[in-house]
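What follows draws every value from the coordinates through simple rules; no lab data is involved. Just so it is clear, the structure is predicted and the values come from calculations on it, not from any experiment. Note that each Cβ is placed from the backbone with ideal geometry, even for glycine, and that neighbours are counted across all protein chains shown.
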Amino acid sequence: MAMMMMMAGICTKDLLLPPASSSQPASILTCNVPTRRVCRRAQMQSVEPLPVVNDSHFCPQVADAVNLLYPEFMRIDAIVAKNLDRVLNAYASARVGTHHFGGSTGCGHNDAGGREALDSAFATLVGSEAAIVRSQFFSGTHAIACALYAALRPGGELLAVAGAPYDTLEEVIGLRGSPNHGSLKEFGVSYQELPLLEDGGLDWDGLDEAVKPQTQCAFIQRSCGYSWRKSLTVAEIKRAIEKIKAQNPRCVVVVDNCYGEFVETLEPTAVGADLMAGSLIKNPGGTIAPSGGYVAGKAEWVESAAARLCAPGIGMEAGATSGDVMRLLFQGLFLGPQMVGEAIKGGLLVAEVMAAEGYKVQPPPRIQRHDIIQAVQLGTRERLLAFCAAVQKCCPVGAYIRPVAGASAGYESEVVFADGTFVDGSTSELSCDGPLREPYVIFCQGGTHWTHWALALESVLEALSKF
């Protein structure tokens, strides 16, 4: 009977209900589900509330914080469900099948449709006309640079709307770095920056007058980066886009979407951004994408960014990706909502515990998140190094390594990283890092489950207790 119903496309779920008395046998409740995801819940008996956490695996400070955060965790799970549904619908629309995991070699002309299916699914997912999702993007900075070079031409102006950009973009723009490396400045592009207000928010009044006729591109960084500021909501990004377009409709709005994917249920391209870019070893890679990045937005600008990635005339029509990698890109994007949800829970836990210990945190405890980064102001170089060392001890890879601050490509200041991750540089896995400069802020992100941060925090508290 059940097999016949399954063959007819009807999903059956057998729910074993407890007997009303010892003499009455258990009953089977069968629920017919007409679609793959829509199911009415059977009315169940009342359930006792979950007990508070009292487990020796967590130190008291962490256990107390977890008990406070359970309502927040349930709210995050609701967002995860909505975003997972978006991914499933996008994959269904693109008709994703196992043949798309075959990969290609050489120029990639023998690709079995995997490139196009992944690009199509991603564009549907983020509400854009087009997208290019490739393993050939080295990093988020690389993808963002391709988007900026797509939008800007000699004599134009780049306007940074949300204060100073992330450190690694400074050499792309030409604010520092080696000559003759092809920065935007060397190509005749000028740069203007709209400082943030004292509270870390956008200067809305200043933005009303900031866009000029020569402003070819307005750049919005969604996440806080290495700044002590609020990350932007999608609603704020939409408001900024409307103000920019009202002054210059031809101005191309580019959003650095790193760390923001799947945190809300809409992405910037769904509210008017012309282009957005990010990394696959962050949120949308689901902790398993081995490399890559994306650019999504209006078709003409995505094609221009693709030409910057490879060469004019080739654009999106070539580029080999091995079968193993192609499958991981599809699977990683599918896992993205869940991994982002766990990272947000981990960030909430870091904020709750560290604030209780007397440290300044950004965002504050139990505040709705708009990226996966949790910043903690530690005040001294020694505490910053100790925090990183404590987290590194709790990493699955390289737990025996002691992080040492040093120069890192693209960064002006010395930087220290705790990133014992399976994918090198992955910040969707549990990790933290920070520049060695005042006020010595550590930026925490990632994690495949919030309990990993719970265990790491015990190590952190023990290390900081020595100061």
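Structure notes:
- The Cα-based radius of gyration of segment 340-464, divided by its Kirkwood radius, gives an Rg/Rh of 0.93.
- Distance (nanometres) between label positions extended 7 Å along Cα→Cβ at residue 314 and residue 300: 2.5
- Scoring 167-174, 199-206 by mean Cβ neighbours within 10 Å over their residues and listing the highest first yields 167-174, 199-206.
- Taking 28 Å as the limit for the C-alpha separation, the pairs 360/466; 243/345; 238/345; 298/360; 185/243; 282/466 exceed it in the case of 243/345; 298/360; 282/466.
- Rotationally averaged projected area of segment 84-333 (alpha carbon convex hull; nm²): 12.9
- Alpha-carbon centroid distance for the pair segment 161-187 / segment 349-403, whole angstrom: 29
- Equivalent ellipsoid semi-axes, the chain, via Cα gyration tensor eigenvalues times 5, rooted, Å: 38, 31, 21
- Its alpha carbons give segment 84-189 an Rg and a Dmax of 17.8, 48 Å.
- The calculated FRET efficiency for the pair residue 68 and residue 324, based on their C-beta separation and a Förster distance of 45 Å, comes to about 0.60.
- Most to least packed among 121-133, 70-82, 283-295, 359-371 [average Cβ atoms within 10 Å]: 283-295, 121-133, 359-371, 70-82
- Rule-of-thumb Rg ratio for segment 316-360 [Cα; 2.2 N^0.38 Å; N residues]: 1.93
- Furthest towards positive pole of dipole, 224, 292, 154, structure part segment 84-333, Cβ charges: 292
- 37 °C / 0.692 mPa s Stokes-Einstein diffusion coefficient of segment 399-452, Kirkwood radius on C-alpha pairs, µm²/s: 274
- Segments 236-244, 156-164 sorted - mean Cβ within 10 Å per residue, highest first: 156-164, 236-244
- Stretch gain in nm, segment residue 93-residue 110, where the contour uses 0.36 nm per residue and the Cα spacing is subtracted: 3.8 nm
- Dipole magnitude (debye, nearest 20) for segment 340-464, charges at Cβ of Lys, Arg, Asp, Glu: 200
- Environment charge of residue 268, counting only residues whose C-beta is closer than 11 Å and scoring Lys/Arg +1, Asp/Glu -1: -4
- Summing +1 for each Lys or Arg and -1 for each Asp or Glu among the other residues whose beta-carbon sits under 14 angstrom from that of residue 102 gives -1.
- Cβ-based charge dipole, the chain, positive-most Cα from 188, 418, 328: 328
- Segment 288-322 residues near the modelled residue 153 label - backbone nitrogen below 17 Å, point 7 Å along Cα→Cβ: 300-308, 312-313
- Charge tally for residue 420 (other residues, Cβ to Cβ under 15 Å; Lys, Arg +1; Asp, Glu -1): -2.
- Sites residue 413 and residue 136, calculated FRET efficiency, Cβ-Cβ separation with R0 30 Å, nearest 0.05: 0.55
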